[in-house]
Amino acid sequence: MIKVIRVAKIEPFIEKEDDGMIICRCEEITKGEIRRAVYEGMRTINEVKRYLRAGMGLCQGQTCQRLVQNIMAQELKTKPSELGMIQGRAPARPVEIDIFSNNITDVKEG
Amino acid sequence: MVEKRTADVIIIGGGIMGCATAYRLAKQGVDVLVLEKKEIGNGGSCRNAGGVRQSARDPKELPLAMYAVANIWPQLSDELGVDVEYHQGGNLRLGLTEKDQQVLTTYVKKSTDVGLDVKMISGDEARELCPYMSKAVVGASWCPTDGHANPLTTTLGFYRKALELGVTFVTGVTVLKLQKVRGMVRKVVTDDGIYEAENVLLCAGYESRRIANTVGIDAPIEKQFNEVLVTEAQPKMFDIMIGVAGGEFYGHQSEHGSFVLGGNSGLQAFTSHNDNFVTNSLTTPCISRGIIKYFPMLKDVKIVRTWSGFYDQCIDVLPLIDNVKEVPGLTVGFGFSGHGFGIAPAVSIALSELILKGKSTTIDISQLTYDRFKTKS
């Protein structure tokens, strides 16, 4: 973790023309919402994820992670690599509770 | 601009306790600086199932829970300007056996003794409230004023509001030790140099013990590993917070539609997590088996992610919320033992009063002293 000093922004939030663009498709989070979250104090990609749900949907951020990083980096005038990565989570693909439970009994060997 | 290194109050720990107390202090005009090792809410604050629960709490911390539910949670979204997704759908704690029923009855008795509206109901009555559960449920405790909320937006909502009121947060800084000057707490020594304040609040979860030790204060708390699974979104089924007497799992359906269900394997003290937030291959299957016992109709719902966190587990499963006599100026708020989220908005009131007035006047925390631990003989 790099050191970050966080204080409230003094200048007002300025909307942009392409703010309506959907960035996280699973959770339908727009560029404007991500920009505003950064303005309101979110400084890492995990904080944006927790605040907005961007990257929390079915694909778990596999589609939008880079896009979110780039938008944040532009807003904060920093490198995308300084914003961290979305924490990878098991399972890699959605799996039914029943399968996870090892309760399936009709699988035969051979 | 000169970097801020001093404040009236330094808060160690940018979790929900630290963020909420920073907010309360800043609202009263206090100059606050928060130091956080990682990200905002990286510990238990963003790693819990969001229970806002009074039932099955120890009467010693029940005043905090009852105050929060009666006075803070219902208005919190408006107060913070962030949707904390608070739902007061009640809490069912389910039992499958006679023994479970006894466990629940004992809790109900303890809670009603201190004025909580909670009662035992039959399995059929429970199924009337929540028709999705198995016939195997023979009884339950029911507390209609319990509920749940979103720990992520609540924690970050307090953070955002504190920031807005002028609080400075420094993240990515590790506190190494506290130092006294003329008998009073004064210096917070970090890997980024020294920060100074006349009051220090230590609310760093499971890191608190290590830091308290540097000024000769110890507390019987340890890290305890726990995991949570999250499912894909489902149509709205119920608003009730679910717990089970057998401890297989707990959780709720979130506003988003996903189920957020936590638990452990029972072997978590011995499985290797290497102090990282990894999940263990034993746990999700174990929680899944528990879910199917009580809610068989959820068996085809898909799990989209699993995550883990650590409790700051205290020996008596209760927090330490107090001013430290031996170290004037030091206030502590840790040891929440896995159920701090729901009471956090009330804890922050107690902590801000401890700092500003020297004692908690709004809520009774007299049973949660830091020096209550005695040897067994």
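Quick note: the coordinates plus some simple rules give every number you see, no bench work behind them. Being a predicted model, the structure only gives us computed values, none of them experimental. Because the Cβ atoms are built from the backbone with ideal geometry, glycine has one as well, and the counts that use them run over all protein chains shown.
Below are the figures for this structure:
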item	result
Partner lysines for B:LYS109 [C-alpha distance under 28 Å; skip if fewer than 8 residues away on the same chain]	B:LYS60, B:LYS99, B:LYS119, B:LYS135, B:LYS293, B:LYS374, B:LYS376
Only Lys, Arg (+1) and Asp, Glu (-1) charged, at Cβ; the stretch A:18-100 dipole about Cα centre in debye	260 debye
For chain A, the spread of Cα positions along each principal axis, largest first, Å	67, 32, 19
Positive-end residue, the stretch A:18-100 charge dipole about Cα centroid, Cβ charges, pick of A:VAL95, A:VAL68, A:THR30	A:VAL68
Dipole of the stretch B:287-377, positive end: most advanced residue of B:THR369, B:ILE291, B:PHE334 [Cβ charges, Cα centre]	B:ILE291
Of all DSSP beta bridges in the protein assembly as shown, antiparallel share, percent nearest 5	70 percent
Unit charges at the beta carbon, dipole of the stretch B:27-93: most positive-side option, B:ALA65, B:GLY81, B:GLN28	B:ALA65
Label-point separation, B:ASP218 to B:ASP31 (7 Å along Cα→Cβ), nm	3.7 nm
Folded to 0 to 90 degrees: helix B:344-357 orientation relative to chain B principal axis, Cα	20 degrees
With Cα atoms, 0 to 90° folded angle of helix B:151-164 axis to chain B main axis	30 degrees
Kirkwood hydrodynamic radius of the stretch B:248-302, Cα pairs, Å	12.3 Å
Electrostatic dipole magnitude of the protein assembly as shown [Cβ: Lys, Arg +1; Asp, Glu -1; Cα centre; debye, to 20]	980 debye
Top of B:ASP31, B:ASP191, B:ASP218 by mean-square fluctuation, Gaussian network on chain B, Cα under 10 Å	B:ASP191
Cα→Cβ-extended label distance, 7 Å offset, between B:MET184 and A:ASN102, nm	5.9 nm
Estimated vicinal HN-Hα couplings, Hz - the stretch A:54-69 in sequence order (Karplus 6.51, -1.76, 1.60; Gly, Pro = x)	5, x, 9, x, 4, 8, 6, x, 5, 8, 9, 3, 5, 5, 4, 4
Environment charge of B:ILE292, counting only residues whose C-beta is closer than 9 Å and scoring Lys/Arg +1, Asp/Glu -1	+2
Most mobile listed residue (B:ALA197, B:ALA68, B:ALA149) in chain B, GNM with C-alpha springs under 10 Å	B:ALA197
Cα Rg, Dmax (largest Cα-Cα span) when computed across the protein assembly as shown, Å	22.4, 77
Net charge contributed by nearby residues that have their C-beta within less than 10 Å of B:LYS177 (K/R +1, D/E -1)	+2
Gaussian network model of chain B, springs between alpha carbon atoms under 10 Å - residue of B:GLY81, B:GLY262, B:GLY51 with greatest fluctuation	B:GLY81
Sequence-distant residues sharing a close amide H with B:PHE334 (under 5 Å, placed H)	B:LEU320
DSSP-loop trypsin sites (Lys or Arg not before Pro) across the stretch B:127-167, with at most 10 other Cβ within 10 angstrom	B:LYS135
Chain B: angle of helix B:283-294 to the longest principal axis, Cα-based, in degrees nearest 10	40 degrees
